[in-house]
Amino acid sequence: VVDVSVLDANVAVMAARWPGRRLRPHVKAFKSTALARRLVDAGHRGLCAATPREVLGLAAAGLGEDLLLANEVLDPGRLAALATCGARVTVAVDSAETVDAAAAAGLAEVLVDVDVGCFRCGVPPAEAGRLAHRARRAGLEVRGVMGYEGHLMMAPTEDKAARVAEAMALLAAAHDEVGGSVVSGGGTGTWALNEGVTELQAGSYTLMDADYARLRLPFRQAVHLYATVVSRRAGRWAVADAGLKALGMDHGNPLVEGHPVLYCSDEHTTFLPADGEDLPAVGERVRLVPSHLDPTVAYHQQLVVAQGDQVVDRWDVDLRGW
Ligand SMILES: Cc1ncc(COP(=O)(O)O)c(C=O)c1O
C-alpha cells in the first residue's frame, strides 16, 4: 500500500536538489509505469532501467523520451527489441562483447559503464577510452559514462563523503578519455554527497525501505506491506501472513510496527511483544516495512494507492519479470 502523500513529498524533496533532467529516476525500485509517469510529470523526463523488460514497458507506456538501460545485455533478441521499440534507448557497455552486441542489434547510443569500486559491472577506468573508441568505430554514439557507487550507499558516515568523491574521481578520469555530455551514477544513499554526476540514478527514495531508513534521510516510508495476524501465542509471539516469499530479505528482516521480529519463514513473519504492549489479536492487520524495497515490490502484482484512509488508485507492477 502506497501512501501517495508521502510519495509526493519524497519526490518533491529529491526534485529540490536534483530537478528535472538532473535526476534520472531508476524504475527498478518500483517497477510501475504509473509511478514512473508521476516522476516524468514532475519533470524527470529521462528514466533509468535495469532490465530490457523495464525499458520495453516504459516505451510502450509512452515514457520513452530518453531511457537508459544501466546494465549490460548480450541477448540479440532482447537488444533488437530495444532498438525497434520506438523509444530513445541508451545501453550501458563495459566490454568489446557488449559493444559489438549493441551495434549488431542496431542500437544507436551507449554509455561506457565504468567500475568505480562496486565489484559489479563496469570497465576499469583506464580502459574506458579504448572501449569508447571501439564503440565509435562500430558506429555507435557514445553519450558519456556511467558509474554506480553501490558499495557506498550504506557506507559509514565518517568517511562516506570522501569515498564517494574518490569513486567519482575515477568516473571523471574515465569521462575525460571517453567524452560525451553524460556522467550518470549515484543513488538514494549518496543523493546528498555525489557531486560528480550530471544526472543521479536514484529510485528507492520514492517509496523507501527499512535499510535506507537507517541513514536518516529526509525521505519517509511511503509503502507498507499489510499482513494479517493469523496466529498468536498470548503474551509470547504473533504470526503475520507474509514471509520471505513476499519480502526481499537480503537486507534483513522487515519491521513490524515497533515489534521485534523473531524470524521470517516462507509464508510467515513471527514477531514478539513490544515493551509492555499487547500483541495484536488474530485477525488484526499489521504493517510491515520491507528491509529492501526493490526485490519486495518485484514479488507483488499491484501497488494499492491510498490517500489517508481511502484507496484512490491501483498501480500495476507492470515492469516485473524478464
Ligand atoms: C545502476 C544503478 N544505479 C542506481 C541505483 C540506485 O538505486 P537506489 O536509489 O534505489 O539506491 C541502483 C540500485 O541498485 C543501480 O543498480
Item to complete: Kindly provide the set of residues from region 110-152 that are away from the ligand (no atom under 16 Å from the Cβ) and either modelled with pLDDT under 95 or open to solvent by 30 Å² or more (accessible area, probe 1.4 Å) (or both), ordered by number.
Response: 124, 125, 126, 127, 130, 133, 134, 136, 137, 138, 139, 141
Worksheet item: So which of 158, 166, 149 is over 28 Å from residue 83 (Cβ atoms), charged (D, E, K, R) and touching a Cys at 6+ places or on another chain (Cβ under 8 Å)?
Response: 149
Item to complete: Looking only at region 161-175, decide whether some residue is part of a strand (DSSP E or B), open to solvent by 10 Å² or more (accessible area, probe 1.4 Å) and in contact with a helix residue (DSSP H, G or I) (Cβ under 8 Å, 6 or more places away or on another chain).
Response: no
Worksheet, complete the sentence: Among strands (runs of 3 or more DSSP E) entirely within region 195-285, at least 2 residues that are of a type outside the set (Gly, Ala, Ser) and open to solvent by 10 Å² or more (accessible area, probe 1.4 Å) occur in 225-233, 237-240, 261-264
Worksheet entry | Within region 17-64, tally of residues that are part of a helix (DSSP H, G or I) and either in contact with a Ser or Thr (Cβ under 9 Å, 6 or more places away or on another chain) or within 23 Å of residue 221 (Cβ to Cβ) (or both) | 17
Practice prompt. Could you grab me the full set of residues in region 233-264 that are without any contact (Cβ under 8 Å) to a residue 40 or more places away in the chain, over 11 Å from residue 289 (Cα atoms) and touching a Ser or Thr at 6+ places or on another chain (Cβ under 9 Å)?
Written response: 239, 241, 243, 244, 261, 262, 263, 264
Worksheet item: Would region 71-89 turn up any residue that is buried (at least 22 other Cβ atoms within 10 Å of the Cβ) and of a type in the set (Gly, Ala, Ser)?
Response: no
Item to complete: For region 286-322, enumerate the residues that are more than 25 Å from residue 48 (Cβ to Cβ), of a type in the set (D, E, K, R) and not in a strand (DSSP E or B).
Response: 309
Fill in: Given (1) part of a loop (DSSP other than H, G, I, E, B); (2) under 14 Å from residue 178 (Cα atoms), number of the condition residue 129 does not satisfy
(1)
Worksheet item: Considering only residues of region 153-182 that are touching a strand residue (DSSP E or B) at 6+ places or on another chain (Cβ under 6 Å) and within 15 Å of the ligand (Cβ to nearest atom), which is nearest to residue 92 (Cα to Cα)?
Response: 182
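With the structure loaded, tell me whether residue 13 is outside any strand (DSSP E or B), within 24 Å of residue 123 (Cβ to Cβ) and among the aliphatic types (A, V, I, L, M) or whether it fails that test. Steps first, please.
Values: outside any strand (DSSP E or B): yes; within 24 Å of residue 123 (Cβ to Cβ): no; among the aliphatic types (A, V, I, L, M): yes.
No.
The values are calculated or read from the model by the stated rules, or taken from the named source; none is laboratory data. Here the structure is a predicted model, which means the values were calculated and not measured. Every residue, glycine as well, gets a Cβ built from its backbone with ideal geometry; the counts of neighbours run over all protein chains shown. Note: accessible area is taken over every heavy atom of the protein model, side chains too, but ligands, DNA and RNA are not part of it. Shrake-Rupley method; radii C 1.70, N 1.55, O 1.52, S 1.80 Å.
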